[in-house]
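Read through the structure below, which is laid out as structure tokens, and then see the notes.
The values are calculated or read from the model by the stated rules, or taken from the named source; none is laboratory data. Remember, it's a predicted structure, so these values are computed and weren't measured experimentally. So basically every Cβ, Gly included, is an ideal-geometry build from the backbone, and we count neighbours across all protein chains shown.
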Amino acid sequence: MSKEPAPPIVRTEIVEFSFDGRKFSGHQGETVAVALLRQGIIQLRDAPNTPAARGMFCVMGICQECVIEINGKRKEACRVPISSGLIIDKVKY
Amino acid sequence: MNFKFDIAIIGGGIMGCETALRLTEGGMRVVVLEQGDIGQGASGVNAGTLSMQIKRVKLMPYAIKGHAIWEKLGEIIGFHKTGGYTLAFNDREAELLKERMMLKKEAGANISFVSLNQLKEKEPNLANKVVAASYCPDDGYANSSLTGYYYRTRMENAGINYVEKFKVTNIRQTSDGYEVSSGENLIIAKRVLLACGGWMKDVAAMIGEELPIRARINTVSVTERAPKLMSTVIGHATGLLTMKQKPNGTVLIGGGWQGKGTPEEGRGTVATDSLIPNLQLAKYAVPKLSNVRIVRSWTGFEANVPDFYPLAGALPNKENLYVLGCVRGGYTIGPYISRLMGDFILGEEPEMPLFDPSRSFESA
Amino acid sequence: MYDATIIGSGPAGANAALEAHDLGLKVLIVDEQRDAGGQIWRVKSKSILSAPSTEASIKGDALRERLKQSSIEVKFETRVWHIDKNEEKNWIINLVSKDGSHSVLSKALIIATGAQERVIPVQGWTLPGVVGLAGATALFKEHMMVPGKSTVVAGSGPLVFFVASEVIRLGGSVAAVVSINGFSDWIKALPAMVLNPKLLWQGIKWIGDLYLKRVPLYWRHGIRSFEGLGHVVGVNVRKANKKWYLRHDPNIFIAADSVCYGHGLMPSIEASRLAGAVHTYEPALGGWVPFTDENGRTTVPYLYVCGDNAGILGAQAAPHRGRLAAYAMVEDLNETLPEDLLAKRKAEKKLLKWASIFGKAATGLSILQPGAGGLISKQTEVCRCEGINRLEIEKEVKTGALSPNAVKSGTRCGMGPCGGRFCSESMALITEQATGKTRAEIGLPTARPPLRPVAMDEIAKDLNYDDLPIPGVSPL
Ligand SMILES: Cc1cc2nc3c(=O)[nH]c(=O)nc-3n(C[C@H](O)[C@@H](O)[C@H](O)COP(=O)(O)OP(=O)(O)OC[C@H]3O[C@@H](n4cnc5c(N)ncnc54)[C@H](O)[C@@H]3O)c2cc1C
Ligand SMILES: Cc1cc2nc3c(=O)[nH]c(=O)nc-3n(C[C@H](O)[C@H](O)[C@H](O)COP(=O)(O)OP(=O)(O)OC[C@H]3O[C@@H](n4cnc5c(N)ncnc54)[C@H](O)[C@@H]3O)c2cc1C
Ligand code: FES
């Protein structure tokens, strides 16, 4: 969604991963949050006490607003890189 | 002399505050002196377990009464009666469990032994390694974080004077009362109650009382919200694990593992080499905890005398000087034993006996 | 056992490490990022194979290269989660990485954890699409990404203009720049800024560029609220006065799908607090800072701090502070400092002094003004983790909860996974307004581990049950 300046930014190859049951793609090694942002997905989870959506906020691994789940483990989407076939779930509780 | 206060209570934890409330009911003018904030000592940072299975045999009747007081308060202090299991992971522990729980049962706790099938049904996430378990339907927990809020509000409503950030540095006996001071600030009262939790030894020493007190520093940890992993309070035969999941999904893990520091030095610190086995044991009991993240570990102080029974009564060498502390399981027992203490100071016969601080302290 | 462990490999920590290493110490440097550089020279993501270089990337690459050339031991993608001491008074530094948790021992410890941003909550700030102002720079530097198609950049200090210019450089579009500082604040800071003509020129260029590109620039305006359902769709802006009070004018609505929003930086002091150092409140340095001598020695033996976590003085000051801390440490470990280092120390101090004047002027633009607390409306969620709003905090304060620990206990504000890193500032602001107490009197909540959430199986490896160190059975 966000415009990229013309080359010379060269990125790694595109890989596929899934988030919350949907397929997405991104550059191998970029963070989950950034790969999703590129495709317009900024709602990463719901707030703990309300159904309000939350997304990446501090971008440095502190606020914990961006947490997602990989293999049942909570990870910061702003820090975890994507790789081919990675299955990412939304935090459910 | 005309005293503004009939009694100065040093320490604004459960013991100090609840006694203050009783004494006020009984007509006394009370002042509570607290070095920090009301209910931010052990009373506000403990694990909140209200378990009969971890109470000492002789203290069981007190624990039952204390539990009933918290139960009546219900939501205000986050009370939940969930039942609780105590686990044994090998034959030696099973033996220990049997022996101990029988005695506790005789002392009045509603404890039974359960089959592993029953256990599995109720707590499917427990490890298969359990070899024996006991159960008490009365076990549960409350939210100790709310202690400060609760007692502040009650003391406000009862019109009790309490002074925060008043660290008692000196106590002096006068001809007919006491001068309690914090630096320049002085409060005069006819009586003094020492209810200073883990700090008791040093405060008692200010008035010349040498009590054989040792401070302990317990560790508690909490996880972030997790899927449902347990519905009861989980304990361990040795007492080295208490664990429960709060309605919001967070899991609180305690068990009396020791941190570092002394009450004089500040709030104490978490020791890596006792935090890790504490968490290992928790994970051993509920393997699914593996994936859950710890968000905070902390410590709190409590005091013990060599026989691990409370100090609750009048100190022998001086008139009108009282002590209440060193209560093992004091979050559970606190509200009740404090009321007894209040009755005693008011000159009434307490419903159950207190624990004479001038006894000889043989190790239990 | 290391002579020295350094937490953080930004310009402060990396330079401390390089200096200590050159002086013959056995040094370990730990950082949670994948390479050195810190916030200012943040390393690019692995997903970027090549890209045009910027000043930051060139300086960062140079620093990374120097570290690589040295034989300093580095542990990247490794987080410090707890700091403890053993009986011999050596530091136990608990780390967690992909391989789980382990600890290292060190005689001395330098904390160089940098800064964290301050964001004053206003209605709607939790909407997806709203990111921190400093946080946004991580998107630019690490990923060369912009936060959306159309971005509002708002808040205080120089970062506002840097972020706006980066959005444009990377192909995004800036819907508006909303600076709570007035142009006159900048004029006031000018004499100090002149000391660093290069940075000043950079600043002027950023602002000039925005005018050229006809980006609406709202001087001395603040954000009243964010609008949107599920994601941000725009901001409501109002004119402010010098003290950051918003006027009761009608809102100016600016549509945007992303907002970068923040109010300067605060020292990241959790690690130095955990290590037991005394801290004091110094608004001119960004808030609470460890109490130190001019070399970065804290109140705890063999504990040093350098860089923005010791007070926000910026990247220019950081290397000097790093080297000074290294000298102090070497001096303490060897009980002496050779003549030539005394001279070097003197030179570093002089350079630091100049850099600090500039750094302080920049930090000065973000010193909270009296109106700051008033930006937080009653219903605004202050604690994002636990969903606690201003009203709940005020109520708790009214019942007599006068310290951060007491408010936290009563409300859960600050008890969530971020450990209060974003709300304790606001909680203190609200308490300040409600009680009239000063920030120094209000104090801080107790520092507790872990410094970042850590999974149970990372801390607690599988147990061989018979190895459990059972200290004895509780009395019957
Ligand atoms: C998000 C952000 C963006 C910034 N962007 C700019 C900018 O664009 N321009 C500018 O002039 N200034 C910027 N700053 C200011 C910044 O603080 C610089 O002044 C400079 O980076 C300070 O250098 P430092 O070495 O003190 O700290 P930093 O560069 O911040 O380095 C600290 C390092 O410590 C590491 N760390 C912290 N805690 C832990 C832990 N528990 N375990 C392991 N590692 C840890 C971090 O990963 C980081 O690499 C920014 C600050 C922040 C917070
Ligand atoms: C970490 C931990 C976990 C625990 N878990 C449980 C549990 O799960 N279940 C259970 O039943 N019990 C538990 N306990 C025990 C229970 O918390 C305590 O027995 C009980 O809270 C003690 O209450 P108190 O009022 O005596 O002490 P405190 O609550 O510590 O109050 C003493 C007060 O005195 C103040 N004070 C001290 N010195 C001075 C001075 N010089 N001047 C002024 N004020 C002073 C202190 O600041 C403090 O607020 C636990 C204890 C700890 C530490
Ligand atoms: S955005 Fe704050 S932790 Fe990821």
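All conditions but one from (1) more than 9 Å from every other protein chain (Cβ to nearest Cβ); (2) crowded, with 24+ Cβ neighbours inside 10 Å; (3) of a type in the set (S, T, N, Q) apply to B:N317; the one that does not is (2).
The lone criterion from (1) touching a Pro at 6+ places or on another chain (Cβ under 9 Å); (2) crowded, with 22+ Cβ neighbours inside 10 Å left unmet by C:Q39 is number (1).
Annotation: of all residues in the stretch B:1-37 being out of contact with any strand residue (DSSP E or B) (no Cβ under 7 Å at 6 or more places or on another chain) and surrounded by fewer than 20 Cβ atoms within 10 Å (Cβ to Cβ), the one that is nearest to B:E156 (Cα to Cα) is B:E25. I need the full set of residues from the stretch C:280-310 which are surrounded by fewer than 22 Cβ atoms within 10 Å (Cβ to Cβ) and within 14 Å of chain B (Cβ to nearest Cβ), in order please. Answer for the stretch C:280-310, where residues must be surrounded by fewer than 22 Cβ atoms within 10 Å (Cβ to Cβ) and within 14 Å of chain B (Cβ to nearest Cβ): C:T299, C:V300.
So for the stretch C:318-335 (the condition being surrounded by fewer than 16 Cβ atoms within 10 Å (Cβ to Cβ) and either under 23 Å from C:I29 (Cα atoms) or free of Cβ contacts under 8 Å to residues at least 12 places away in the same chain (or both)), does at least one residue qualify? Yes, there is a match, as at least one residue in the stretch C:318-335 is surrounded by fewer than 16 Cβ atoms within 10 Å (Cβ to Cβ) and either under 23 Å from C:I29 (Cα atoms) or free of Cβ contacts under 8 Å to residues at least 12 places away in the same chain (or both).
C:E65 meets the conditions (1) modelled with pLDDT of 95 or more; (2) surrounded by 19 or more Cβ atoms within 10 Å (Cβ to Cβ); (3) more than 13 Å from chain A (Cβ to nearest Cβ) in every case but one. The failed one is (2).
In summary, C:F161 fulfils each of the numbered conditions (1) crowded, with 24+ Cβ neighbours inside 10 Å; (2) in contact with a Gly (Cβ under 7 Å, 6 or more places away or on another chain) with the single exception of condition (1). Within the stretch C:421-471, the residues that satisfy the criterion of being among the small types (G, A, S) and facing chain B (nearest Cβ under 8 Å) are C:A455, C:A460. Every condition in (1) within 16 Å of ligand 3 (Cβ to nearest atom); (2) out of contact with any Asp or Glu (no Cβ under 9 Å at 6 or more places or on another chain) is met by C:I83 except one, and the failing one is (1).
For the stretch B:288-303, a residue qualifies if it is at the interface with chain C (Cβ under 9 Å from one of its Cβ atoms) and not small (G, A, S), and the qualifying residues are B:L289, B:N291, B:V292, B:R293, B:I294, B:V295, B:R296, B:W298, B:T299. Within the stretch A:47-74, the set of residues being in a strand (DSSP E or B) and free of Cβ contacts under 8 Å to residues at least 40 places away in the same chain comprises A:A53, A:R54, A:V67, A:E69, A:I70, A:K73, A:R74. Any residue at all in the stretch A:5-13 that is buried (at least 23 other Cβ atoms within 10 Å of the Cβ), part of a loop (DSSP other than H, G, I, E, B), within 7 Å of chain C (Cβ to nearest Cβ) and in contact with a His (Cβ under 9 Å, 6 or more places away or on another chain)? So far as the stretch A:5-13 goes, no, none of its residues is buried (at least 23 other Cβ atoms within 10 Å of the Cβ), part of a loop (DSSP other than H, G, I, E, B), within 7 Å of chain C (Cβ to nearest Cβ) and in contact with a His (Cβ under 9 Å, 6 or more places away or on another chain).
Of all residue pairs spaced 6 or more apart or on separate chains, those with beta-carbon atoms under 6 Å, a first member in the stretch C:45-58 that is facing chain A (nearest Cβ under 7 Å) and outside any loop (DSSP other than H, G, I, E, B) and a second member that is at pLDDT 90 or above and crowded, with 17+ Cβ neighbours inside 10 Å are C:I48/A:R11. Exactly one residue among B:I77, B:I111 is free of Cβ contacts under 8 Å to residues at least 60 places away in the same chain, buried (at least 17 other Cβ atoms within 10 Å of the Cβ), away from ligand 3 (no atom under 16 Å from the Cβ) and among the β-branched types (V, I, T), and that residue is B:I111. Only strands (runs of 3 or more DSSP E) whose full extent lies in the stretch C:264-303 are considered here, and the ones with at least 1 residues that are among the acidic types (D, E) and more than 16 Å from ligand 2 (Cβ to nearest atom) are C:279-282.
In the stretch A:41-72, the residue that is surrounded by the fewest Cβ atoms within 10 Å (Cβ to Cβ) out of those that are within 14 Å of ligand 3 (Cβ to nearest atom) and on the phi > 0 side of the Ramachandran plot is A:G61. Close Cβ contacts (under 8 Å, 6 or more residues apart or on different chains) running from residues in the stretch C:402-416 that are within 8 Å of another protein chain (Cβ to nearest Cβ) and assigned to a helix (DSSP H, G or I) to residues that are of a type in the set (V, I, T) and surrounded by fewer than 24 Cβ atoms within 10 Å (Cβ to Cβ) comprise C:N405/C:T446; C:G410/C:T399.
The residues in the stretch B:261-314 that are under 29 Å from B:V131 (Cα atoms) and either touching a Leu at 6+ places or on another chain (Cβ under 7 Å) or not in a helix (DSSP H, G or I) (or both) can be counted, and the count is 13. Please verify whether C:P52 is surrounded by fewer than 16 Cβ atoms within 10 Å (Cβ to Cβ) and not assigned by TED's automatic domain parsing to the domain that holds C:L139, treating the condition exactly as stated. When the stated conditions are applied, C:P52 passes them. Counting only helices (runs of 4 or more DSSP H) that sit completely within the stretch B:99-210, those holding 1 or more residues that are farther than 30 Å from B:M243 by Cβ and more than 14 Å from chain C (Cβ to nearest Cβ) correspond to B:200-206.
For the stretch A:56-74, the set of residues classified as facing chain C (nearest Cβ under 8 Å) and touching a helix residue (DSSP H, G or I) at 6+ places or on another chain (Cβ under 8 Å) consists of A:M56, A:F57, A:C58, A:V59, A:M60, A:K73, A:R74, listed by residue number. Go through the stretch B:322-364 residue by residue and tally those that are of a type in the set (G, A, S) and more than 16 Å from the chain's Cα centre (by Cα). Here the count works out to 6.
Suppose we filter the stretch C:420-457 for residues that are under 19 Å from B:L279 (Cβ atoms) and at pLDDT 95 or above; how many remain? Of the residues in that region, 9 qualify. Hey, does the stretch B:259-273 have a residue that's touching a strand residue (DSSP E or B) at 6+ places or on another chain (Cβ under 7 Å), within 20 Å of B:R328 (Cβ to Cβ) and within 9 Å of another protein chain (Cβ to nearest Cβ)? No, the stretch B:259-273 contains no residue that is touching a strand residue (DSSP E or B) at 6+ places or on another chain (Cβ under 7 Å), within 20 Å of B:R328 (Cβ to Cβ) and within 9 Å of another protein chain (Cβ to nearest Cβ).
In the stretch C:73-87, the condition of being on the phi > 0 side of the Ramachandran plot and not in a helix (DSSP H, G or I) is met by at least one residue.
Among the helices (runs of 4 or more DSSP H) confined to the stretch C:155-255, the ones with at least 3 residues that are within 14 Å of chain A (Cβ to nearest Cβ) are located at C:159-169.
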